[in-house]
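Reviewing the structure listed below.
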Amino acid sequence: MSTGNTPAHDPWDLMRRTTQARIGLRRSGYTLSTRDVLTFQADHAAARDAVHTPMDIDTVGKGLRELGFGEPIAVTSRASSRAEYLRRPDLGRMPADLSSIESSGADIGIVIADGLSATAVDTHAVALIDALTSALTPQFTVAPPVLASQARVALGDHIGEALGVEMLIVIIGERPGLSVADSLGIYLTYAPEPGRRDSERNCISNIHPPDGLGYADAARIVAALVAGARQLGASGVALKDTSAGEAAVAAAEQSGLT
C-alpha cells in the first residue's frame, strides 16, 4: 500500500545496501527528496573536513609507539599552509627540512602522509602499519615510520633517499569523494630518489574497511609487490601484483582441491 506519491516498497533499497555509490536517489518531480539533499550536504561537508583538517600527529605517533616503533620523525613539505598546499602541488613534493632523518640501513621505509585526507590517516594508518609490518617481517627490515604533513606522494622520494632504504612505502590520504572521505592509498617505490616518475611506482588504493579494501588484504598485496620489486630490481609498470593468484592457490591447497 502506498500513501500519496510515496511507494510502500522502494525497489532500490536492497541495491543501496550493497554499495556506497549514490544510486536510486528519491525525488518528487524534478526535486530530490529532503533526505537525499541532507545526505548530500553531510557527505560534502565530510569531504571538505577531510581535506582541511590537519593530521593528528600526536595520536598517530602514540599509536606507532604502542606498536614498538619508538618516537616517529615528523617532517613537512615546503607548503607553508593548507591553502598553499592545495594551490601549489609542487611544494607538497619538496621537503622543508630533512636534517632530522638519519640513514637507517633498513630494507623498507614507511612514510605516513596526510595527502588530501588526514581523516583517513587518523582513522586507518596505525592499524594498516600493524598489518604491513606483520606481513613484511622478518623477511625485510623496516625503518621507523616518518610522519609527513602537507605531503604529496613524491615527497617520499626525498625521505626514502635520506633513509637510505631499498624500497619506500608511502601511506597517504586519498582525495575524498561524496561516498568516501576516509580512504588510504599505498605507493611502493623501488630505490627511491628525487625525480622518480609515477610510472615507477605501484599503487594500492581504496583502503578503508569495512567498506573498502581491508588492512590484511592490502598488506598481502604490498608484501607480494615488495618481494617482486626486490627480485625484479624495479617497481612500477614492470611489476605486477600476483598476490591474488597466490592466495587462490593457497586456499585451494587448504581445501584439498589440488
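The values are calculated or read from the model by the stated rules, or taken from the named source; none is laboratory data. What you see is a predicted model; the values in this text were computed from it and never measured. With ideal geometry, Cβ positions are generated from the backbone for all residues, glycine too; neighbour counts draw on all protein chains shown.
Only residues that are over 27 Å from HIS208 (Cβ atoms), among the small types (Gly, Ala, Ser) and touching a helix residue (DSSP H, G or I) at 6+ places or on another chain (Cβ under 6 Å) were counted across region 93-118, and they come to 1. Could you tell me whether any residue of region 159-167 is free of Cβ contacts under 8 Å to residues at least 60 places away in the same chain, among the charged types (D, E, K, R), assigned to a helix (DSSP H, G or I) and crowded, with 18+ Cβ neighbours inside 10 Å? Checked against the condition, which is being free of Cβ contacts under 8 Å to residues at least 60 places away in the same chain, among the charged types (D, E, K, R), assigned to a helix (DSSP H, G or I) and crowded, with 18+ Cβ neighbours inside 10 Å, region 159-167 yields at least one hit.
Within the set ALA96, ALA118, ALA83, ALA127, the sole residue that is surrounded by fewer than 18 Cβ atoms within 10 Å (Cβ to Cβ) and within 16 Å of the chain's Cα centre (by Cα) turns out to be ALA127. For region 50-80, residues that are out of contact with any strand residue (DSSP E or B) (no Cβ under 9 Å at 6 or more places or on another chain) and under 20 Å from ILE129 (Cβ atoms) total 11. Residues in region 186-220 that are farther than 14 Å from ASP157 by Cα and assigned to a helix (DSSP H, G or I): TYR215, ALA216, ASP217, ALA218, ALA219, ARG220.
Scanning region 158-181 for residues that are modelled with pLDDT of 95 or more and farther than 22 Å from SER100 by Cβ gives GLY173, GLU174.
Residue pairs whose Cβ atoms lie under 9 Å apart, sitting 6 or more positions apart in sequence or on different chains, and linking a residue in region 230-254 that is more than 19 Å from ASP157 (Cα to Cα) and modelled with pLDDT of 80 or more to a partner that is surrounded by 12 or more Cβ atoms within 10 Å (Cβ to Cβ) and of a type in the set (S, T, N, Q), are LYS240/ASN202; ASP241/ASN202.
When every residue of region 143-151 is checked against the conditions, at least one turns out to be in a loop (DSSP other than H, G, I, E, B) and of a type in the set (A, V, I, L, M, F, W, C).
With respect to (1) over 18 Å from ALA219 (Cβ atoms); (2) out of contact with any helix residue (DSSP H, G or I) (no Cβ under 6 Å at 6 or more places or on another chain); (3) buried (at least 16 other Cβ atoms within 10 Å of the Cβ), the lone exception for ASP90 is condition (3).
Selection of helices (runs of 4 or more DSSP H) fully inside region 1-110 by the criterion of at least 2 residues being more than 17 Å from ALA151 (Cα to Cα) and either without any contact (Cβ under 8 Å) to a residue 60 or more places away in the chain or touching a His at 6+ places or on another chain (Cβ under 8 Å) (or both) returns 13-16, 34-52, 57-66.
One line per residue, one yes/no per condition, for (1) polar (S, T, N, Q); (2) modelled with pLDDT under 90; (3) closer than 21 Å to ILE159 by Cα:
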residue: GLY29; (1), (2), (3): no, yes, no
residue: ALA42; (1), (2), (3): no, yes, no
residue: ASP49; (1), (2), (3): no, yes, no
residue: SER99; (1), (2), (3): yes, no, yes
residue: ILE112; (1), (2), (3): no, no, yes
